[in-house]
Amino acid sequence: ATPLADARTLIRRATYDLTGLPATPDAIDAFVTAYAKNGKRAYDTLIDSLLDSDHYGERWGRHWLDLVRYADTAGDAADFPVPEAYKYRNYVIDSFNNDKPYDQFVREQIAGDLLPSKNDEQRWEQTIGTGYIAISRRIGVSPQNLTHITIEDTIGNLGKTFLGLTLGCARCHDHKFDPIPTTDYYALYGIFDSTLYPHAGAEHKPWRQDFVYRVGNEEADKILADKRAELEIWNKKERVKMEEYRDFQRKKITEPGKTREAAWAAVLAMREARRPIAESMPELERCYGVQDDVPHDVHVQRGGDPNQRSRGQLVRRG
């Protein structure tokens with residue numbers, strides 16, 4: 001028979017398992033002394049104290065964050081930083097530490113912005129939970145680039161994380177080994193196509209868009225309207241300079257004295273002039289979450305290709 005672990009081994013194993021950290025020398029000495037007096041009580045007390053530790057949520061929340069492919073960047077080629085992503089990470093850690101019921105944990109991540117709440121604190125926590133959807137892979141440098149791939153990533157992870165199923169096959173054809181027809185896939189697709197995903201920006205277009213503000217987006221629009229209008233004036237000026245630079249790339253400009261290097265320097269100068277305005281924008285609390293967009297149903301995409309002219313049947317969201 002396998003011998004029982006001694007007290008010193010027991011506390012080291014339990015502490016590593018529940019917190020991912022080594023037990024401190026003082027904690028080991030205290031446990032060894034208590035275990036010699038009453039082993040069961042000492043062990044129960046140890047486990048309770050480890051479960052109460054903030055490190056418990058950090059250790060076990062990490063496994064969930066791996067499942068949902070968490071990162072504090074937007075992914076794919078741009079892989080632009082998302083400083084607010086940590087709020088979703090902390091939401092997961094706090095959920096583990098507070099022993100949040102799993103069904104509530106799931107609902108908040110899929111539909112937290114739509115759930116009823118008792119107060120603003122709960123409403124905001126639930127909204128942050130939708131960061132699960134927001135961290136779906138973004139493609140390209142514009143919010144409108146290849147959104148169908150973002151939705152595909154959302155549905156794919158939803159199936160693996162919450163259902164233990166791969167749903168991607170049903171994007172193109174009825175699933176061969178599970179009862180998942182393409183109509184079910186596009187019923188889900190319609191939900192996420194009716195969802196407004198945030199855009200973190202990219203290297204050449206570092207402008208954030210569609211983040212969720214705690215005060216509400218309508219109120220935030222009022223507060224930020226003047227600064228946004230001023231910023232847009234400079235954005236238009238930059239677009240003019242950028243178009244002049246692109247004309248050089250297309251070899252449309254042959255005027256003496258004008259060079260491509262000078263055109264690019266003008267673009268950079270315009271960006272530098274705009275920077276103080278962007279930096280003076282009022283700081284409002286926001287999160288990298290999702291919100292409702294205009295609800296609509298979608299057609300089945302033949303072969304999973306959204307660019308096909310011939311579309312399949314219209315499927316109701318659900």
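The values are calculated or read from the model by the stated rules, or taken from the named source; none is laboratory data. None of the values given here were measured: they were computed from a predicted structure. Every residue, glycine as well, gets a Cβ built from its backbone with ideal geometry; the counts of neighbours run over all protein chains shown.
What's the total number of residues in the stretch 29-85 that are closer than 28 Å to E283 by Cα and among the aromatic types (F, W, Y)?
Residues in the stretch 29-85 being closer than 28 Å to E283 by Cα and among the aromatic types (F, W, Y): 2 in total.
Please go through the stretch 92-121 and give me each residue that is farther than 30 Å from D193 by Cβ and either part of a helix (DSSP H, G or I) or not assigned by TED's automatic domain parsing to the domain that holds S136 (or both), ordered by number.
Residues satisfying the conditions are I93, D94, F96, N97, E121.
Anything in the stretch 260-318 that is β-branched (V, I, T) and surrounded by 12 or more Cβ atoms within 10 Å (Cβ to Cβ)? List them, or say none.
Matches in the stretch 260-318: V267, I277, V290, V298, V300, V315.
Look at L4 and say whether it is assigned to a loop (DSSP other than H, G, I, E, B) and either in contact with a helix residue (DSSP H, G or I) (Cβ under 6 Å, 6 or more places away or on another chain) or at pLDDT below 95 (or both).
Yes, satisfied.
Given the condition in contact with a Gly (Cβ under 8 Å, 6 or more places away or on another chain), surrounded by fewer than 14 Cβ atoms within 10 Å (Cβ to Cβ) and outside any helix (DSSP H, G or I), answer yes or no: does some residue in the stretch 209-218 qualify?
yes
Suppose the filter is at pLDDT below 95, among the acidic types (D, E), under 30 Å from T182 (Cα atoms) and surrounded by fewer than 19 Cβ atoms within 10 Å (Cβ to Cβ); does D76 pass it?
It is true that D76 is at pLDDT below 95, among the acidic types (D, E), under 30 Å from T182 (Cα atoms) and surrounded by fewer than 19 Cβ atoms within 10 Å (Cβ to Cβ).
Collect the residues in the stretch 42-56 that are among the hydrophobic types (A, V, I, L, M, F, W, C) and either surrounded by 16 or more Cβ atoms within 10 Å (Cβ to Cβ) or touching a helix residue (DSSP H, G or I) at 6+ places or on another chain (Cβ under 6 Å) (or both), keeping them in residue-number order.
A42, L46, L50
Among the candidates T147, T195, which residue alone is surrounded by 16 or more Cβ atoms within 10 Å (Cβ to Cβ), β-branched (V, I, T), modelled with pLDDT under 95 and within 18 Å of V294 (Cα to Cα)?
The match here is T147.
Are there any pairs with C-beta distances below 8 angstrom linking a residue in the stretch 273-301 that is among the acidic types (D, E) to a residue that is surrounded by 12 or more Cβ atoms within 10 Å (Cβ to Cβ) and part of a loop (DSSP other than H, G, I, E, B), with the two at least 6 apart or on different chains, and if so which?
Once the first residue is among the acidic types (D, E) and sits in the stretch 273-301, its partners that are surrounded by 12 or more Cβ atoms within 10 Å (Cβ to Cβ) and part of a loop (DSSP other than H, G, I, E, B) give E285/R214; E285/V215; D292/S194; D293/S194; D297/R317.
Please state which one of G112, G39, G61 is without any contact (Cβ under 8 Å) to a residue 40 or more places away in the chain and surrounded by 20 or more Cβ atoms within 10 Å (Cβ to Cβ).
Result: G61 is the single residue among G112, G39, G61 that is without any contact (Cβ under 8 Å) to a residue 40 or more places away in the chain and surrounded by 20 or more Cβ atoms within 10 Å (Cβ to Cβ).
Against the conditions (1) more than 25 Å from Y102 (Cα to Cα); (2) surrounded by 16 or more Cβ atoms within 10 Å (Cβ to Cβ), where does K176 fall short? Just the number, please.
So the condition that K176 fails would be (2).
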